[in-house]
Structures are given as structure tokens and as C-alpha cells.
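Structure record follows, encoded as C-alpha cells.
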Amino acid sequence: MPVIAFSSPKGGVGKTTLTANVAIALHQLGWGVLVLDFDVQNSLRLHFGVPLDDERGYVAAGDTPEDWPDLALKTEAGVFLLPYGGATEDQRLRFERHLADDPDYLTRGLRTVLERPDWIVLADLPPGPVPALRALDRIGAIHIAVLLADATSLSLLPVIERGHFYGNKRPLVVLNQVDPRRQLSRSVAEFVTARIPEHLIGQIYRDEAVAEAIGWQRSVFEQAPASVGARDIKRLAEVLSARLKIEALPPEPAVQVGEARR
Amino acid sequence: MANHLSEAGLAMSATEDTSRLFRAMGLERKAGDYKDIGPLTRTGRIAAFDESALPMMAAVARSLDAGPAEPAAPSVPAFMPVSAPAPALAEVIAARAERMSPLMASLTPPAPAEAEPPAQREAAASVAPVPVSAPSPSPGISALSRVFERYAASPVEAVPAAPAAGTPLKPLFDRLR
């Protein structure tokens, strides 16, 4: 079971949109997928058509992680979703204390999924250095830092590379909303590509179809399947899938010469 | 008269702006036709944006080249320990809520909706159209653990039905179309 966490030092970079659409793309590639919303904004559910006034969620339901599997919503896209829910401030603080102080908290809640190698957990984190980052570290999450192709995101690159935000485990990086028509965006994308080629796993072109899809409460694949945004997100999911197959799934049993002869 | 002057001033301003715009875009008809727009044009920073001159990029490159200045340490703050007293914020919010005007009180989020009791879900299932492949037509909630149990029993068995996708936003967009 791989766990992938979408996070960023700054907000408004499209983490939630990316999490939702990558989750759907990974499911279309054959993975079982559970998406988990760590953000009190509780907006991940909106990408999956959950009604605005439906405030069910695992944080809002209390702090018994063993109950989380029973709170998962099966979405039309086939992805399972654990919304944050309409949690109170008290519930949010209690949840974050558990994340920070209880090393087994996430394992207890996700055990059912973590035991399955053909399932992926995708986590959508709020911006900044939040307790969920370290809690996800403890269950071996792969971090994906989402950055925009702009000067502010660029300025955060040294912070990420020096480990101030993610620790010693360097995150993979996705550059979101790259606009090749704009010189600055293009230059930043070229710069990041040149500086961290081994960590940069995807560039998502700026596409209004991606932004509009949330208004319709559906994925970009449903909203505009032929769009550039859909293409790039699908490509990112394929890259992740290929990487996860190598890391997570048990290797195919090698055919021994002797066995083949038998 | 005052109006006349201000209109003339506006016209002049618009002409100058147009001149600058045309000049900046390299569309002037001949030399001297438009006013000089100053050192910005002469440096060519409007006509040709030079990314190598972007100070931010140079600063980031220097910073990356310098490498880690100190041992890498995650900057996640030590959150309040479990033993710490419960945050007073919730109490403050509760106290404020008591003093809220009715209008403000109506804006406070309602308590999380409880899931329908299983009996109600069963009842709903008896009237709702049930997809052939969905053995449990619960409205949204689907026990993941039970799904896995079913996977284990029969790998081809389908999972429960999807939640209703109708939302307040969709009708809104339909009307705007």
C-alpha cells in the first residue's frame, strides 16, 4: 500500500484539485484508491460530487480512527473518499494533537487499506508545516510538493531542497498551472526542470477546464477529457503508477531455469 | 471652461498613453512620431523580457548552489502535547456563540449530519432503483472494511452504489448557461 501526500509550503497552488484528479486517474489505471482530506476547508469532497451540505467526515465524526473505514464514501468515480467533515475547532485541534503525538494514529485508522498492496492512499494536506506531514512520514508516505510556476513558488525551492519543510526525505515536485504563453511561467518551469530534474515528476499546464471542473463538481476527465489539463494529470498519474508498481507491488515470481524445465 | 480643460487633459493623456503603448510594442510609424517613453524603453525591458535578469531566479540559484546551511530539520512546530490543558479557543467560541445575534448564529455550521440508521438505509433500498452490480445501495456511506471482506470472498463482486451527486452548484451552473 503506497501513501502519497500532496502538500505545499504555500496555499492556493491546486493541491486539492490535483489530489482529486490524480486519484481518479490512478483508479482508472487499475488501483484501488482512498483519498483522505486533512484540510479543515473540507473541499476535497466537492471534486467528487458530494453535496455541499453533506458535512459527514472522519474528523467531524470523532477521534476513533478504527471507525474510519466505515465512514468512507464510495464516489461515482470509483474512488473511496474520507472527507474531513464539518468539524468544530475543538475537533480540529484534537485531531491535530493526535497526529502530532500518537505515532500509531494513522495506522490504526488506515490499517484496512494499508494492508493491501494494490491500493493507494492519497492525502490532501493543508498548506504549511502541519502535523499531518510528520504523521504521514511515520507511515512511509511519499511526499509530493505542489508548486506554481511563479516567482513566489520559486522562492520556496531552496526551503524545500534544504529540508526545512520536509525533513531529510526530499519530496517529489509537481509544477502546477504552467502557462507556456507567459514568459515568467515558462522561465520558472525551465529553471525548476534544470535544477531538480530527478525530483520534478510532472508539469501541469494551466487549463481553465481544470478550474471549471470544480464548479461542476466533477473531475477534469469528465469535464474536458481531451483538455491539456486532463492529459497532463493523466500523465502524472501514469508516472506515479509506474513508480509505485516498482516500489509497492511484490515482484513477479522469476521463472527459474530449473522450474521451467520441470 | 473647467470641463473643457479637463476633457482636453484627458484627451492628451489618452494620446500619450497610446503613444507609449505603440512605442512599447514597436508600432511607431517613424522616429519622433511619438514621445520618448524613457529609459524603460531604451533598456528594452518591455519589448524583450530577459529572464536571466530576474533577480529572484538568480537569488534562488545562488541559494541552491550554496547547499544546506544547517542540518536539515523539519520545521513542523512541536504541537501542543496531549498533557497540555485543553485549548480555550473552543470555550471562547462557545461563549461567543451564546452572545451571537440570530443572524450570525444562523451562519454557524450545523452539527455534522449523522448517517442514516441501517434500518432507514434498508428501507430506502427497497424503493430506490438498485443497480444490478450494487449489493448495498446505501446513500454514500460504504464500509471500506466490508468492501475488502467482499473482495476477499469474491474478487469480481462490485462495491456499493455511489453517493448522490446532485449539488446546489450544478443547478446554479445550469441556470447560468
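Remark: accessible area buried at the B-A interface is about 5100 Å², both chains counted, probe radius 1.4 Å.
Cross-linked pairs A:Lys10/A:Lys74; A:Lys10/A:Lys245; A:Lys10/A:Lys234: Cα-Cα separations exceed 28 Å for A:Lys10/A:Lys74; A:Lys10/A:Lys245.
Scoring A:101-111, A:231-241 by mean Cβ neighbours within 10 Å over their residues and listing the highest first yields A:231-241, A:101-111. Placing unit charges on each Cβ (+1 for Lys and Arg, -1 for Asp and Glu) gives chain A a dipole about its Cα centre, and among A:Ala224, A:Val173, A:Pro126 the Cα reaching farthest toward its positive end belongs to A:Val173.
Compute the separation of the alpha-carbon centres of the range A:8-41 and the range A:133-198 and state it in Å as a whole number. After rounding, the separation between the Cα centres reads 16 Å. Towards the positive end of the charge dipole of the range A:3-251, with charges on Cβ (+1 Lys, Arg; -1 Asp, Glu), say which of A:His47, A:Thr75, A:Pro9 has the farthest Cα. Farthest towards the positive pole: A:Pro9.
Couplings 3J(HN,Hα) for the range A:123-133, derived from phi with the Karplus relation 6.51 cos²θ - 1.76 cosθ + 1.60 (θ = phi - 60°), are 10, 10, 9, x, x, x, x, 10, x, 4, 4 Hz, where x marks Gly and Pro.
Across chain A, C-alpha contacts under 8 Å between residues 6 or more apart give a mean separation that, scaled by the residue count, equals a relative contact order of 25 percent.
The values are calculated or read from the model by the stated rules, or taken from the named source; none is laboratory data. Not measured: the values here are computed from a predicted model. When we count neighbours, we look across all protein chains shown, and the Cβ atoms used for this are built from the backbone with ideal geometry, even at glycine. Accessible surface areas use protein heavy atoms only, side chains included; no ligands, DNA or RNA. Shrake-Rupley method; radii C 1.70, N 1.55, O 1.52, S 1.80 Å.
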